[in-house]
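Trainee: Before I ask anything, here is the structure I am working with.
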Amino acid sequence: MALQRRTPVPALTTIQETLLLTLYARALDSRLPGSILHDMMSDEVVKRLDYDFAKLKASASVVSGTALRGGKLDDIVRRFCRANPQAVVLDLGCGLDTRVFRCDPPDGVDWYDIDYPKVIKLRADVVPERAHAHQVAADLTAAGWLDAIPSDRPAMIVADGVMPFLPEETFQALTRTLTAHFPSGELALNGYTRFAGWSMRYHPAMKALGIRGGEGFDDPREPEGWRAGLTLAEEQLLTRAPEVASFPQPLRALARLMALSTAVSRQGARILRYRF
Ligand SMILES: C[S@@+](CC[C@H](N)C(=O)[O-])C[C@H]1O[C@@H](n2cnc3c(N)ncnc32)[C@H](O)[C@@H]1O
């Protein structure tokens, strides 16, 4: 039997390389008997890549946390697509995420995966194509990339693991540009507090990649003041999610303890959803 050659990963910036950690975390989650996300396709993508995933030091908390937040964002996207079967979905900083396959939107939905050109090129090599899924090779902070995306349909914008890597002002300006482009929609993201963003630098997986911390905001209503027309629709504190029952110990006990306090839970993972 001929051995299949694995795809080499090009030289990536430290921020781009974080996409391999989240991909690997979803792959590892899929191998667990108590998998949260069941994203077997991520595991297939991992196996196609010639890359030393072990160096990423993906801990149990990264695996469970990434799978859980991914699943919660998927739920939001699916709900939006059910209510708006002609919507557009934008996955900002998509990396090698297979979200479009997990969400399996109806044919009327056009899906746009956006990331740096180098990432989109790698994506084309290892993530299967799909009807109505479009790849946009762009720096999110550059002007013009949105012109290719229809502006007359409701939009579901998802930002999974990207907000902490854009400077605060830049993310706010991006949000204004996005909400001005579409008639209506929702923005869903995994939100970090300022402390959680700062403390990222001490996380073994982030240290392994050389990440020096990230951006965040504390009050979930803060984005309402970004002049982007956002209204908070939902804050989910993931320490209180039912899926915590599948976390391995001692992570489960820690999450249960954190869940007792809203302020402490906010320092962990949270999903924020806004309407515009
Ligand atoms: C932690 S990874 C998350 C990837 C993906 N969302 C996932 O959950 O697997 C962060 C991603 O944001 C992308 N990113 C960060 N800043 C970006 C920018 N200015 N323009 C485009 N993509 C960006 C990176 O290339 C990377 O793919």
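Trainee: Please specify each residue of segment 137-179 satisfying the condition of being of a type in the set (Asp, Glu) and touching a Leu at 6+ places or on another chain (Cβ under 7 Å).
Mentor: 160, the sole residue that qualifies.
Trainee: Residues 173, 255, 241, 228: which one is within 20 Å of the chain's Cα centre (by Cα) and buried (at least 19 other Cβ atoms within 10 Å of the Cβ)?
Mentor: Result of the check over 173, 255, 241, 228: 241.
Trainee: Taking only segment 120-148 into account, find how many residues are open to solvent by less than 50 Å² (accessible area, probe 1.4 Å) and part of a helix (DSSP H, G or I).
Mentor: 6
Trainee: Condition (residue is assigned to a loop (DSSP other than H, G, I, E, B) and in contact with a Pro (Cβ under 9 Å, 6 or more places away or on another chain)) applied to segment 89-103: is it met by at least one residue?
Mentor: Yes, segment 89-103 has at least one match.
Trainee: Quick check on this structure: which one of 22, 66, 14 is more than 23 Å from residue 128 (Cβ to Cβ) and either surrounded by fewer than 24 Cβ atoms within 10 Å (Cβ to Cβ) or within 14 Å of the chain's Cα centre (by Cα) (or both)?
Mentor: After ruling out the rest, the residue left standing is 14.
Trainee: Condition check: within 16 Å of the ligand (Cβ to nearest atom) and either surrounded by 13 or more Cβ atoms within 10 Å (Cβ to Cβ) or under 24 Å from residue 110 (Cα atoms) (or both). Does residue 178 satisfy that?
Mentor: yes
Trainee: For residue 93, only one of the following conditions fails: (1) under 30 Å from residue 239 (Cα atoms); (2) at pLDDT 95 or above; (3) small (Gly, Ala, Ser); (4) open to solvent by less than 10 Å² (accessible area, probe 1.4 Å). What is its number?
Mentor: Failing condition for residue 93: (4).
Trainee: For segment 163-249, which fully contained helices (runs of 4 or more DSSP H) count at least 1 residues that are of a type in the set (Ser, Thr, Tyr)?
Mentor: 168-181, 194-199
Trainee: So which residues in segment 13-56 are within 13 Å of the ligand (Cβ to nearest atom), part of a loop (DSSP other than H, G, I, E, B) and in contact with a helix residue (DSSP H, G or I) (Cβ under 7 Å, 6 or more places away or on another chain)?
Mentor: Of everything in segment 13-56, those that are within 13 Å of the ligand (Cβ to nearest atom), part of a loop (DSSP other than H, G, I, E, B) and in contact with a helix residue (DSSP H, G or I) (Cβ under 7 Å, 6 or more places away or on another chain) turn out to be 37, 39.
The values are calculated or read from the model by the stated rules, or taken from the named source; none is laboratory data. Just so you know, these numbers come straight off a predicted model, no measurement behind them. Virtual Cβ from ideal backbone geometry, glycine too; neighbours counted across all protein chains shown. SASA here: full protein model, heavy atoms, side chains in, ligands and nucleic acids out. Shrake-Rupley method; radii C 1.70, N 1.55, O 1.52, S 1.80 Å.
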